[in-house]
Structure formats: C-alpha cells, structure tokens
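The values are calculated or read from the model by the stated rules, or taken from the named source; none is laboratory data. Predicted model only: the values in this text are computed from it and were never measured. Cβ coordinates were reconstructed from backbone atoms using ideal geometry, including for glycine residues, and neighbour counts include every protein chain displayed. Protein only, heavy atoms only, side chains kept; ligands, DNA and RNA dropped before computing areas. Shrake-Rupley method; radii C 1.70, N 1.55, O 1.52, S 1.80 Å.
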Amino acid sequence: MKKFTNVTDIGNLQAALKEAMEVKKNPFAHQHLGKNKTIILLFFNSSLRTRLSSQKAAMNLGMNVMVLDINQGAWKLETEHGVVMDGDKPEHILEAIPVIGSYCDMIGVRSFAQFTNRDEDYQEKVIQQFIELSGVPVISLESSAGHPLQAFADVITIEEHKSVKRPKVVLTWAPHPRVLPQAVANSFSQWTQAAGYDVVITHPKGYELAPEYVGNARVEYDQEKAFEGADFVYAKNWSAYHDYGKILSEDRSWTVDEAKMALTNNAHFMHCLPVRRNMIVSDAVIEGPRSLVIPEAANRVVSAQVVMKRILESL
Ligand code: AN0
Ligand code: CP
C-alpha cells in the first residue's frame, strides 16, 4: 500500500477486515516490520483518539514515532501557491513537505476542511500535496473530505457486534453549535456501503452529502421512520455541503434519545467522538448498554495498525 486516503486504497474490504481481526488478536506479531522505520504524525487540527491510537499502532509494529503539531511549536505553513508571504506564515508547505519526508518512512496527516472553497476542500489539496511531494507513503488522519481510519474502525466494530449478515445501518445527522466537516459522514457512508450493509442516511432537508459519498444509500428525511428496524445508529453532525459550510438547523428534536432508540431493532449506538452530550445524544443512550463508543474508539488502533502494516510490507 502506497497511500491511504480513500476506501479504494484498502482493496478487498473483507480481506482487510479479516486482517484486522488477526491484528487485534495478536498486536505484537509484526514488531520486526517496523524496526528502524519512522512515522511522522502531523496535525494541523486537534485530536485525542487519532493522535494516541496512531502512536499506539506504530509502537505495536515496532516503529519510531514523531508527532508534530503545526501551529503549536512549528512554523505556520502557507498552503497557497504564488502568494507574497508577507503575512503570519513564515514557511511554505512546498519546502516543508519534502523536508518532513526526508526524516521518515511514512507520514500521517490531519488537515480539516478550510470552508473557504468547497472545490479546493473536496480536491483534498493539502493531503494531495503531501502525496506528490513527500516521497513517502501518506496516511489520512482526517482530510478535508474524508476520515477513512475512522470509517475502517467503525466497520470493524459493526462486524464484531452485528447479529445478521446485512445489518440496517442508519447514519443520522444531529445538532451541534459549530461548523463541522462532512468528512466523518462521507467516509462512514462510503465504507458501510463497501461492506455491503443496508445503509440509510437521515438528516433535515439541506444537509444532503455530496452525491459521490451518498452513493446508493437511501436518504430518509423523517428520522423516526429511518430508525425503524435499525441495527446500528451512527450519529454525527455535519455542516451543509450544498450551501457549503452553513449551519441550516439547530433543531434539538434530532438529538438521539431513548425514545428514538426504542423505534429501532434494539440498535447499537455509535459515534466517532468527541461528542457533545445532550446535543448529539442523550446521557442515557451514550451511557446505556447498547452504546459502542468506547470499543469503537479502541478499534482505531486496529484500523491504523492494518494500514501501517500494509505500508511497511510494501516499503
Ligand atoms: C471533527 C469533525 O467533525 O470532523 C473531528 C471528528 C473526529 N469534530 C470536531 O471538530 C468536533
Ligand atoms: N474520532 C477521532 O478522530 O477523534 P480525534 O479527533 O480525537 O482524533
């Protein structure tokens, strides 16, 4: 594997899921692969799970790990080409990327949507430049349009907890006070469809995701109808794609609570975290017996480790 930014990079998903279960059972079996190999994890945005689970995955594989927070200790990086650099950014990404690449064998990058230009965000300009200029394999730690390591961990979690071959999986929008990217929702839709599940997306009108990420999922604007018979409910807020980056609704009636979960087929509750309680989900649901948020976060080590292992095998 030479890069991991998209569901297509994983190849056969069933094979990857099988490998994930093996890695989980025996996490230190491939320590030799990472000997004298270095990964740099670069964060343009905050993180708890991605930062720690990626470090843990790399350490399980015997790698050396370096973590850098751009904007906190490193020079602020200019990402636009052709600008006169007389502002607050002393270094250009065009030099920074090959320099970083010269210190390591692979790079993980987190760079969220900027929300100034939808086309640029969806072209994933920052991570594409890392792929083109670093000279080493690149892993997305959440880019402007996708969060594939999260979606891979989500599918691993569903596989571990499903009781029918093709579960009904409902991705539901929920209210949030800030502008959030579509990345998690995009990747969840893509990966759960690749896994062959019955995928339903529910949200207020205006929150339609980009068509290429909706794919063949069914869109249902009535949240209660969508929840009927669900085996998994995956809550997430995102801002509008079409009216790009706008908050169109803060309707609290979309918060996932026990009354809504009662409409489901005793569904498991999932969220990628961090989550705002009693905005996205009630305390009772997230603390309840069907909540998978902690095992889901734990599986972030597994998804990252499968990806890093495959990259190490291809070096
Ligand atoms: C981010 C998002 O919604 O994409 C990261 C989630 C993993 N969430 C926030 O910024 C709160
Ligand atoms: N789910 C997730 O990616 O969490 P962090 O933003 O804390 O890394």
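List of remarks:
- Selection count, region 281-293, where residues are of a type outside the set (Gly, Ala, Ser), surrounded by 15 or more Cβ atoms within 10 Å (Cβ to Cβ) and within 23 Å of residue 178 (Cα to Cα): 4
- Of all residues in region 265-292 being away from ligand 1 (no atom under 16 Å from the Cβ) and touching a residue at least 60 places away in the same chain (Cβ under 8 Å), the one that is farthest from the chain's Cα centre (by Cα): 265
- Residue tally, condition within 12 Å of ligand 2 (Cβ to nearest atom) and of a type in the set (A, V, I, L, M), over region 40-66: 3
- Residue among 313, 296, 250 that alone is part of a loop (DSSP other than H, G, I, E, B) and either among the charged types (D, E, K, R) or open to solvent by less than 20 Å² (accessible area, probe 1.4 Å) (or both): 250
- Of the residues screened, residue 306 is one that is touching a helix residue (DSSP H, G or I) at 6+ places or on another chain (Cβ under 8 Å), away from ligand 2 (no atom under 16 Å from the Cβ), of a type in the set (A, V, I, L, M) and assigned to a helix (DSSP H, G or I).
- In region 41-160, counting only strands (runs of 3 or more DSSP E) that sit wholly within it, the ones holding 2 or more residues that are open to solvent by 40 Å² or more (accessible area, probe 1.4 Å) and modelled with pLDDT of 95 or more span 64-69.
- Condition check for residue 29: in contact (Cβ under 8 Å) with a residue 40 or more places away in the chain, more than 16 Å from ligand 1 (Cβ to nearest atom) and within 23 Å of residue 297 (Cβ to Cβ): no
- Candidate set: region 254-280, residues that are open to solvent by less than 30 Å² (accessible area, probe 1.4 Å) and part of a strand (DSSP E or B); chosen: the one farthest from residue 180 (Cα to Cα): 268
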